[in-house]
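Some notes on the structure that comes next.
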Amino acid sequence: MACSCCENQFDDLTQYISGVFDPEHPQSSLISILHHAQERYGYLSKDVIEHIAQVTEVPAAEIYGVVTFYSLFKTKPQGKHRISVCMGTACYIRGGAKILEALEDMLDIKPGETTEDMLFTLSETRCIGACGLAPIMTVDDKVYGRVEPEQVKGIIAEWREKAEKV
Amino acid sequence: MKRKIIVCSGSACIDPGGKRLEPELRRILGDKNAFDLVEIEEAVCYGHCGSCPMIVVEPEGTFYGELNSEKLARIIDEHIIGGQPVEALLATQPMDTSRIRMLGSADFFGKQLRITLRNCGIIDPESFDDYLQMRGYEALAKVLEQMTPEQVISEVEKSGMRGRGGGGYPTGLKWRQSTGHDEEKSFVICNADEGDPGAFMDRSAIEGDPFCILEGMTIGGYAIGATQGYVYVRAEYPLAIKRLRYAIDEARKRGLLGKSIFGTNFNFDIDIRLGAGAFVCGEETALIASIEGRRGMPRPRPPYPAQSGLWGYPTLINNVETWANVPAIFLNGADWFAGIGTEKSKGTKVFALAGKIKNTGLVEVPMGTTLREIIYDIGGGIKNDKKFKAVQTGGPSGGCIPEQFLDTPVDYESLMKAGSIMGSGGMIVMDEDTCMVDVAKFFLTFTQDESCGKCTPCREGTKRLLEILTRITEGKGVPEDLQKLEHLGKTVKRASLCGLGQSAPNPILSTLQNFREEYEAHINEKRCPAGVCSALLNYYVDPDKCVGCTLCAKVCPVKCISGEPKKTHVIDTSICIKCGECKKKCPVKAIYRK
Ligand SMILES: Cc1cc2nc3c(=O)[nH]c(=O)nc-3n(C[C@H](O)[C@H](O)[C@H](O)COP(=O)(O)O)c2cc1C
Ligand code: SF4
Ligand code: SF4
Ligand code: SF4
Ligand code: FES
């Protein structure tokens, strides 16, 4: 059984699991549970995974296997804002790679990495379906279309400013 | 007269700054005290994303595109308050649907026929009653009241419908193969994983009309005797997920999902399962593994899911678009459906038209329409009047079709003959500025990254193919590389376990076949004819622009720029390491790459 400290820390998660758990197929709700946990805690830490293992009785090793298979699941802390550049075909054809390059230069990180101040995580996504406005970049839920490499600086500055205000 | 403003609520309908139109519209209406003059309604993506963001003003049906706050304010002043449509702001390529009448030319819609997307942009996707008004659930009622499961399957067979997920497998036959097993349970699945990067048909179909997919699945469930269905949808599509949830909740409330549907003894329910960012999960056996909560890896077939699928039970899996067509077949009859399209490919197909094309967006055309009609008559031709080079269909599993095949009709067999495939509906247009070697490299990077690693030919083969392509784009290719690509590509195709590996070499093989001279230019002349592959480009100073400020010479790490102050500078390309620093520094943008 889980220790009492985790019990409190993950109360909400335990509750979610009991809502979606299907005793006939104990593993079938795993991906929903992981999505929920990641949304709640930002990333899937060792503690979170072990807690899920305890409650669902799916072995932790099995859960790790699933977590590492799917690219949306993160096992490391993520930056406050997630910057993604679309690398779908339409965006690629219209110069998405140049946007990514400009961001890499500016933030001094590669896709998958987080800036030292934990403000931004850079990633590549695939077609978000806004191909008409290609090339596309997004910061969290905000979508920027027809982006020119020169605009990148301004967009980042805008988010930095926002972060400083808080 | 009270006018109505219909705002597109598709997830792509944003201005280049990422703003949605609706809050802005409400603000301006408030500022101008014009709220009483209009009613605002949301409709989903009209599939004309090139004019995003847009609105339609009723009752005139005036269609305004590429809007921003200033333009909106003008429309409210002149049209809503003044009663005069603003000619200057009309979208350039208006469209025509039963509800939206247009001014000016209607080319974008002229050659189209909407079956799959029949309700998209017409009903409010968050109003179940809207769907009912468009004859929603009439097909299910007819099926449950008048037809046996056997008759339902025969009707689908008679329609000639083939799967829209890429393979084109006859839908009726698949339904038949999913029945007649002595299992106590069976399942129905809708594949909404839409993995092709550059395609968004399924997303728009769900966002625009989630109801018809549920109705289609319920008919499928009745036909094969299933009691539970799942929609497997990418987590990257939050709006589609939200609308599906709404549609499922409403259907349950109204007794159209759950126990005793329409008062019969047929029980059927549908749940949503989310993906988590793995392209291979679009493959049916991997998708099933993912619904079971495991790593999404394909397994050898047979047994096919129709015999042994989810938790080992017979499972009927079809694509979003396939399901969306099902109610239409029962509303209008299999003969009607079979009358549309070509001999072997019936009905219509939705394509997501994008790339270097004037009108981007969704198009739905009868099978047999030619590529030329889609690209030129509907898509308006190439952007900036550049020269057409190729059209890519089938995404990472497909190929690039050159100019001489533009009159190919779109149907499963003809596209295959032209060296590509129908695929799920991505259609990317490329112009003279696109490098075909680079395109092949782009797709291989994708498939190599997404290969699940279960079988060696795909896991190792895609890596080696990508290495060779990378070498060629870096100017380090040797003539033997072309044979190696061909040989290895064919081996990977033959020896891989699932469709991902079996089709991964297609982008290479098709470009090698149709654009071999581009590969040769990279290898033999160390030149990229389209000017894309940066390792093969050199930096030059434009003597007409250079003002002799010396900044470039100062920043160059290898000191290969010479020139006196106030005189034209010159780059010694034999020493230049192509770092690009000089280009960044030049205040008058005199340095270019070629
Ligand atoms: C790598 C790979 C990815 C696939 N991705 C999709 C997809 O995103 N959507 C889809 O409907 N089918 C996809 N398929 C095809 C499915 O395996 C399956 O054939 C299809 O969902 C059957 O539906 P249909 O008969 O209605 O076409 C994919 C196949 C492979 C091999
Ligand atoms: S072909 Fe590729 S994706 Fe398919 S099973 Fe083999 S390694 Fe996995
Ligand atoms: S690209 Fe770099 S090495 Fe070449 S001329 Fe410019 S600064 Fe010098
Ligand atoms: S930086 Fe530009 S303008 Fe100045 S010397 Fe170099 S090329 Fe000429
Ligand atoms: S390819 Fe970038 S949004 Fe579609």
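Where a number appears in this text, it was derived from the coordinates with a stated rule and is not lab data. In this text the structure is predicted, and so the values were computed from the model without any measurement. Every residue, glycine as well, gets a Cβ built from its backbone with ideal geometry; the counts of neighbours run over all protein chains shown.
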Listed by chain and number, the aspartates and glutamates with an alpha carbon less than 17 angstrom from that of B:LYS554, same-chain partners under 8 positions apart left out, are B:GLU564, B:ASP572, B:GLU581
Eligible aspartates and glutamates near A:LYS46 by straight Cα distance, threshold 19 Å, same-chain separation 8 or greater:
A:GLU7, A:ASP11, A:ASP12, A:GLU57, A:GLU62
Amide H proximity to A:LYS74 below 5 Å, modelled H, separation 5+ or other chain, gives A:LEU44
Using DSSP to define loop residues, name the GluC sites (Glu not before Pro) in region A:18-87 whose beta-carbon has at most 12 other beta-carbon atoms within 10 Å.
A:GLU24, A:GLU57
Of the cross-linked pairs B:LYS545/B:LYS578; A:LYS142/B:LYS356; A:LYS74/B:LYS185, which ones have a Cα-Cα span greater than 30 Å in the structure shown?
A:LYS74/B:LYS185
Sort out for me the Cα centre separation of region B:349-376 from region A:69-117, rounded to whole Å.
30
Distance cut-off 30 Å, Cα to Cα: go down the list B:LYS111/B:LYS344; B:LYS386/B:LYS493; B:LYS174/B:LYS383 and report the pairs above it.
B:LYS386/B:LYS493; B:LYS174/B:LYS383
Sequence order, region B:225-232: Karplus ³J(HN,Hα) from phi using 6.51 cos²θ - 1.76 cosθ + 1.60, θ = phi - 60°, Hz rounded, Gly and Pro as x, gives x, 8, 10, 9, x, 10, 9, 9
Any residue on another chain or 5+ positions along whose placed amide H is under 5 Å from the amide H of A:GLU124 is listed here as A:VAL85, A:GLY112
Per-residue ³J(HN,Hα) for region B:528-543, Karplus 6.51 cos²θ - 1.76 cosθ + 1.60, θ = phi - 60°, Hz, x for Gly and Pro:
9, x, 8, x, 10, 6, 5, 5, 9, 9, 10, 8, 9, 9, 7, x
Whole Å is fine, so just give me how far the alpha carbon centre of region B:573-594 lies from that of region B:155-197.
56
State the answer as a single residue: which of A:THR115, B:GLY163, B:LEU485 lies farthest towards the positive end of the charge dipole of the protein assembly as shown, with beta carbon charges of +1 for Lys and Arg and -1 for Asp and Glu, about the Cα centre.
B:LEU485
Tell me whether the protein assembly as shown comes out rounded, prolate or oblate; compute the Cα gyration tensor, take square roots of the eigenvalues as a ≥ b ≥ c, and use a/c under 1.5 as the rounded threshold.
rounded
Quick one: grab the alpha carbon gyration tensor of chain B, order the square roots of its eigenvalues as a ≥ b ≥ c, and give me rounded if a/c is under 1.5, else prolate or oblate depending on whether a/b is larger than b/c.
oblate
Under a Cβ-Cβ cut-off of 11 Å, what is the net charge of the residues other than B:ILE472 that fall near it, where Lys and Arg count +1 and Asp and Glu count -1?
-1
Using a simple spin-label model with points 7 Å from Cα along the Cα→Cβ vector, what separation in nm is obtained for A:LYS165 and B:ILE272?
3.1
Assuming R0 = 22 Å, can you tell me the calculated FRET efficiency for the pair B:LYS158 and B:LEU113, based on Cβ-Cβ distance, to the nearest 0.05?
0.65
Let a ≥ b ≥ c be the square roots of the eigenvalues of the Cα gyration tensor of region A:4-69; is it rounded (a/c under 1.5), or, if not, prolate (a/b larger than b/c) or oblate?
rounded
Residues of type aspartates and glutamates that A:LYS98 reaches as a straight line, Cα spacing below 13 Å, ignoring anything fewer than 8 places off in the same chain:
A:GLU124, A:GLU148, A:GLU150
Counting other Cβ atoms within 10 Å of each Cβ, which trypsin sites (Lys or Arg not before Pro) in region B:342-398 have at most 15 and sit in a DSSP loop?
B:LYS344, B:LYS386, B:LYS387
Along the positive direction of the dipole of chain A (beta-carbon charges: Lys, Arg +1; Asp, Glu -1; about the Cα centre), which of A:GLY96, A:THR14, A:SER71 reaches farthest?
A:GLY96
HN-Hα couplings for region B:468-480 via Karplus (6.51, -1.76, 1.60; θ = phi - 60°), in whole Hz with x for Gly/Pro, come out as 5, 4, 4, 4, 5, 6, 8, x, 10, x, 10, x, 5
Cα centre as origin, Lys/Arg/Asp/Glu Cβ charges: chain B dipole, Debye
1900
Estimated distance in nm for a label pair at B:GLU343 and A:VAL20, the labels positioned 7 Å out from Cα along Cα-to-Cβ
5.0
Based on alpha-carbon centroids, what's the gap between region B:122-142 and region B:396-419 in Å, whole number please?
36
When only C-alpha pairs under 8 Å and at least 6 residues apart count, what is the relative contact order of chain B, in percent?
11
Long-range HN-HN contacts of B:LEU113 with modeled amide H, under 5 Å
B:GLU364, B:VAL365
Please give the FRET efficiency for B:VAL570 paired with B:LYS484, using the beta carbon to beta carbon distance and R0 = 45 Å, rounded to the nearest 0.05.
0.70
